[in-house]
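A short write-up of the structure that comes next.
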Amino acid sequence: MSEGNTILVVDDDQSIVELLRDFLEFENFQVITACDTAQAWAVLEQSSIHCIVLDIMMPGQNGFELCRRIRAESNVPILFLSARSDDVDKIRGLTLGGDDYIVKTASPGEIVARVKAVLRRSGSQESHISVWDDGRLKINLSTHEVFIDGKNISLTPREFELLRLFAEHPRHVFSYDRLLHKFWDGVGDKHTIRVHLSRLREKIESDPNRPQYLINVWGVGYRFEGG
């Protein structure tokens, strides 16, 4: 999993950058660092990056703004790294397209584990079906492409893996706890899931307020409806 994957670490705290570099390189990741968003964008334009560990509060443009800019062009996994643990920042980061949100009190080992987890999910290719198609929504599990009425729509790696899971198990109810353990290693809460499912509904549902695919099972979790 690690070998051949390049991680971009963006943080203006050099001590954190060096610590993460040491731990990631020990796990055989290639590491590129940037001290601000301008430098990070220059790296992204010149290098193939498999995952970004992105600080939020930095001089100049912040991590949220960089994430928005990246998501306009790329679905590369993004893990926000922040000194703040409040839900407002977490929800904002996930809404903008972040795949995970890590508080800086986490150990370097935990951060590396979360990087591995998001890479594992975004790179998974195993499936017993290759294409799910009901005439309106088409999910190509081999190419990681999703189409609505023939138009290709862009999903983040986390959004695609969520949709894959639901499409492969139609009408199966997935509890909040199960989704948290599968996609967030048990770290997070119902808000984390709701933000991602809400964003996914915005992309695939005709009316996100009256979903036909991603159905909320009140107090339990979600199920996928479709032909």
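Remind me, what semi-axes does the stretch 1-105 give for its equivalent ellipsoid, largest first in whole Å, using sqrt of 5 times each Cα gyration tensor eigenvalue?
Values: eigenvalues 76, 49, 36 Å².
One finds semi-axes of 19, 16, 13 Å for the stretch 1-105.
So what is the 222 nm mean residue ellipticity for the chain from helices alone, if each DSSP H run of at least 4 adds -39500 (n - 2.57) and you divide by all residues, rounding to the nearest 500 deg cm²/dmol?
Working: 8 runs with 93 residues, N = 227.
That comes out to -12500 deg cm²/dmol.
Taking the Cβ of Ser175 as the centre, find all other residues whose Cβ is under 15 Å away and add up their charges (Lys, Arg: +1; Asp, Glu: -1).
Details: positive: Arg171, Arg178, Lys182, Lys190, Arg194, Arg223; negative: Asp177, Asp189.
So the environment of Ser175 carries a net charge of +4.
Treating only the Cβ atoms of Lys and Arg (+1) and Asp and Glu (-1) as charged, compute the dipole magnitude of the chain about its Cα centre; round to the nearest 20 debye.
On the way: 27 positive and 34 negative charges, 177 e Å.
In debye, rounded to 20, the chain gives about 860.
In percent, what relative contact order does the chain have, based on Cα pairs under 8 Å that are 6 or more apart in sequence? Walk me through the intermediate numbers first.
Working: 360 pairs, mean separation 32.5, N = 227.
After rounding, I find 14 percent.
The stretch 131-224: D in µm²/s via Stokes-Einstein (Kirkwood Rh, Cα pairs, 10 °C, 1.306 mPa s)?
Numbers: Rh = 13.5 Å.
So the translational diffusion coefficient is about 118 µm²/s.
With 10 Å bins from zero, work out the P(r) of the chain over every alpha carbon pair and list the percent per bin.
Histogramming the chain at 10 Å steps yields 8, 33, 36, 19, 5, 0 percent.
Give the residue from Ser154, Val112, Ile16 lying farthest towards the positive end of the charge dipole for the chain; charges sit on Cβ (+1 for Lys and Arg, -1 for Asp and Glu) and the dipole is referred to the Cα centre.
Positive-end residue among those listed: Ser154.
How large is ³J(HN,Hα), in whole Hz, for each residue of the stretch 220-226 in order, when computed from phi with the Karplus curve 6.51 cos²θ - 1.76 cosθ + 1.60 and θ = phi - 60°, using x for Gly and Pro?
Values, residue by residue: 10, x, 9, 9, 10, 10, x Hz.
Here, each number is a calculation from the coordinates, and none is a lab measurement. Predicted model, so just to flag it, every value in this text is computed and none were measured. A quick note on method: Cβ atoms are made from the backbone with ideal geometry, for glycine too, and the neighbour counts reach across all protein chains shown.
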